[in-house]
Amino acid sequence: RIVNAEGQREKMATRKGTIVLLQDVLKAAIDRVHEIIADRDWDAEKKERIARSVGIGAVIFNDLSRTRTKDIDFNLQQMLDFDPETKAFKGETGPYLQYTHARLSSALRKYGKPVAGDVNFALLATDDDKGVARQVGRFPQIVFDAATRYEPSIVSRFLIDLSGEVNRFWKHQRILSDDAAMTAARILLVASARHVLKFGLTLLGIEAPEEM
């Protein structure tokens, strides 16, 4: 289904002239991302690459986030839910997942060192730490369930849950600090969440940008 200018849902039908070509939906999404990132200090090539990645990712996620038996709504504003004040994508959308991946990538770049696997896991003791770790640990079962049930929305829903935990963790906990042991533990958590998020997006056919 499509959502018209008045916010009303209409079924796609040739006799009503409400058929929308996929190429038109993709172009509209890419053009909208271009508008959103117009003020970013990036060259034209990078803007085009990010706009295509985010715009196409938004459309793919809009499709695969719903179970196979439900109708699909093409609502561009909802697919590209953006907060101009925080300069962040939000909502249960593909760009929100990509934005979360870019955030994690930024933390790893700022850390600037190899990620150690031998850390003190007991330091990850807050509810925010545990929330991220718990979601990361669920991923193998999520992939198995999605494959056996032929239902990609299981992966989509999981990635939204993971991103929610990651952004709560990001808001309340300090990742890089003077405490080397705590920093190493949280950087490993960040790297693990980023790996799972990127792999999950890849399974859905969505790119995972390093910056947004």
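The values are calculated or read from the model by the stated rules, or taken from the named source; none is laboratory data. Owing to the predicted nature of the structure, the values given are computational and were not obtained by experimental measurement. Because the Cβ atoms are built from the backbone with ideal geometry, glycine has one as well, and the counts that use them run over all protein chains shown. The area values use the complete protein model at the heavy-atom level, side chains included, leaving out ligands, DNA and RNA. Shrake-Rupley method; radii C 1.70, N 1.55, O 1.52, S 1.80 Å.
Could you check Ala185 against (1) more than 18 Å from Ser105 (Cβ to Cβ); (2) open to solvent by 20 Å² or more (accessible area, probe 1.4 Å) and say which number it fails?
Unmet condition: (2).
Collect the residues in the range 99-127 that are of a type in the set (Gly, Ala, Ser), buried (at least 16 other Cβ atoms within 10 Å of the Cβ) and either more than 17 Å from His195 (Cα to Cα) or touching a helix residue (DSSP H, G or I) at 6+ places or on another chain (Cβ under 6 Å) (or both), keeping them in residue-number order.
Ala107
For the subset of the range 46-74 comprising residues that are open to solvent by 40 Å² or more (accessible area, probe 1.4 Å) and of a type in the set (S, T, N, Q), which member is modelled with the highest pLDDT?
Among those that are open to solvent by 40 Å² or more (accessible area, probe 1.4 Å) and of a type in the set (S, T, N, Q), it is Ser65.
Might you let me know whether the range 90-106 holds any residue that is free of Cβ contacts under 8 Å to residues at least 12 places away in the same chain, closer than 19 Å to Ile175 by Cβ and either assigned to a loop (DSSP other than H, G, I, E, B) or of a type in the set (S, T, N, Q) (or both)?
The answer is no; no qualifying residue exists.
Which one of these is more than 19 Å from the chain's Cα centre (by Cα), over 28 Å from Arg186 (Cβ atoms) and of a type in the set (Val, Ile, Thr): Val115, Val25?
Val25
Name the residue, out of Ser163, Ser192, that is small (Gly, Ala, Ser), assigned to a helix (DSSP H, G or I), open to solvent by 30 Å² or more (accessible area, probe 1.4 Å) and under 17 Å from Ala102 (Cβ atoms).
Ser192
Return a yes/no flag: does the range 114-134 have any residue that is under 30 Å from Asp43 (Cβ atoms) and either in contact (Cβ under 8 Å) with a residue 40 or more places away in the chain or part of a helix (DSSP H, G or I) (or both).
Within the range 114-134, one or more residues are under 30 Å from Asp43 (Cβ atoms) and either in contact (Cβ under 8 Å) with a residue 40 or more places away in the chain or part of a helix (DSSP H, G or I) (or both).
Here is a list: Asp31, Asp24, Asp41, Asp81. Which entry is of a type in the set (Asp, Glu), touching a helix residue (DSSP H, G or I) at 6+ places or on another chain (Cβ under 9 Å) and farther than 19 Å from Asp161 by Cα?
Asp31
Every residue in the range 85-98 that is open to solvent by 50 Å² or more (accessible area, probe 1.4 Å) and modelled with pLDDT of 90 or more, please.
The answer is Lys90, Glu92.
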